[in-house]
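Have a look at the structure below before the remarks.
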Amino acid sequence: MSSLACRKAVIEKVTSILKSIKGVRAVCELDKEECKVLLEREMEAEKCVLGGMGRGFNAGMREVLKREVILAILHTNEYCWPPEKIQIISMGEVIGEEIRTEDELRDLKGRKDVVLIGDTFVIYKDKVSEVLSRASYFLFPTLSVPELKDIDEIYGVVAAIPSPPVDTLIKEKMRKLGIEVDRRDLGTEIIGFNICYK
């Protein structure tokens, strides 16, 4: 099998697995030029202060875009997120973070030393004053993709949550492909991996 045929077969296999995940509505491949534009847009978004708490740093996006194959997925709120969390970090200390389990949210809602922002993000009050006096940032980490961990034909699998401007770009590409992207419950994620050519 030629390298091109092997690449195509692997991408089709991975795409099929991703489409079978609950909440995933569509998958499309991003080319190198599109990835360059996505990184530029992500870096522009990182210059903005988020909620007055600090700038963003999307480590996940940078890592994904180093991979040979980049896929974008469109998902609903039924999608099961990987365990890695978005955090606000100040001088190496976590001062706020995304909470993903109902039990943890329930426990935190009753505490007086935390502030719930939105439905799933918490700020630790005792550390908030530190934010005002030190440099802090939102860390968007690389995410795991458990559904792809046992695929022998790929390695270096990572995923990332794009910023809103990059999410919009991805949705624009999908719209051009005829994919419905206008529902409010639809979000995106990008996944990168390398192929093991035999």
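Every number in this text was worked out from the coordinates using simple rules, so none of it is lab data. Just so it is clear, the model here is predicted, and its values are computed rather than measured. Cβ placement follows ideal geometry from the backbone for every residue including glycine, while neighbour counts extend to all protein chains displayed.
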- Item | Pairwise label distance in nanometres, residue 184 with residue 37, each label 7 Å out on the Cα-Cβ vector | 2.8 nm
- Note on the structure: The value for the stretch 94-198 (convex hull of the alpha-carbon atoms, volume per residue, Å³) is 164 Å³
- Message: Largest first, please: the extent of the C-alpha atoms of the stretch 153-198 along each principal axis, to the nearest Å.
- Response: 41, 22, 16
- Query: So how far apart, in nm, are the two label points at residue 168 and residue 127 if each is 7 Å from Cα heading toward Cβ?
  - Reply: 3.1 nm
- Rounding to the nearest 20 debye, state how big the charge dipole of the chain is about its Cα centre with +1 on each Lys and Arg Cβ and -1 on each Asp and Glu Cβ. 260 debye
- Mean-square fluctuation maximum in Gaussian network of the chain, Cα pairs under 10 Å, restricted to 57, 138, 121, hits 121
- What is the set of long-range amide H partners of residue 143 at a cut-off below 5 Å, with H atoms built 1.01 Å from backbone N? 159, 160
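What FRET efficiency comes out for the pair residue 102/residue 78, r = Cβ-Cβ distance, R0 = 25 Å, nearest 0.05? Present the calculation step by step, with values, prior to reporting the outcome.
On the way: r = 15 Å, r/R0 = 0.61.
Once the sixth-power term is evaluated, E becomes 0.95.
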- Which of the pairs 85/109; 149/198; 19/47; 47/112 have their Cα atoms more than 28 Å apart in this structure? 19/47; 47/112
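Over all directions, average the projected area of the Cα convex hull of the stretch 1-116 and note it in nm². Present the calculation step by step, with values, prior to reporting the outcome.
Numbers: hull surface 39.4 nm².
For the Cα atoms of the stretch 1-116, the hull's average projected area reads 9.8 nm².
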- Share of Cα-Cα pairs in the chain beyond 24 Å, whole percent, is 45 percent
- Item | Under Karplus coefficients 6.51, -1.76 and 1.60, residue-wise ³J(HN,Hα) of the stretch 151-162 in Hz, glycine/proline x | 8, 5, 7, 10, 8, x, 6, 9, 9, 8, 9, x
- Query: Which of 101, 120, 168 moves the most in a Gaussian network model of the chain with Cα springs under 10 Å?
  - Reply: 101
- Task: Kindly put 76, 15 in sequence by how many other C-beta atoms sit within 10 Å of each C-beta, fewest to most.
- Result: 76, 15
- Message: Quick test of the membrane-span-like rule: which DSSP H helices of the chain reach at least 20 Å along their long axis (C-alpha atoms) with mean Kyte hydropathy at least -0.5?
- Response: 3-19
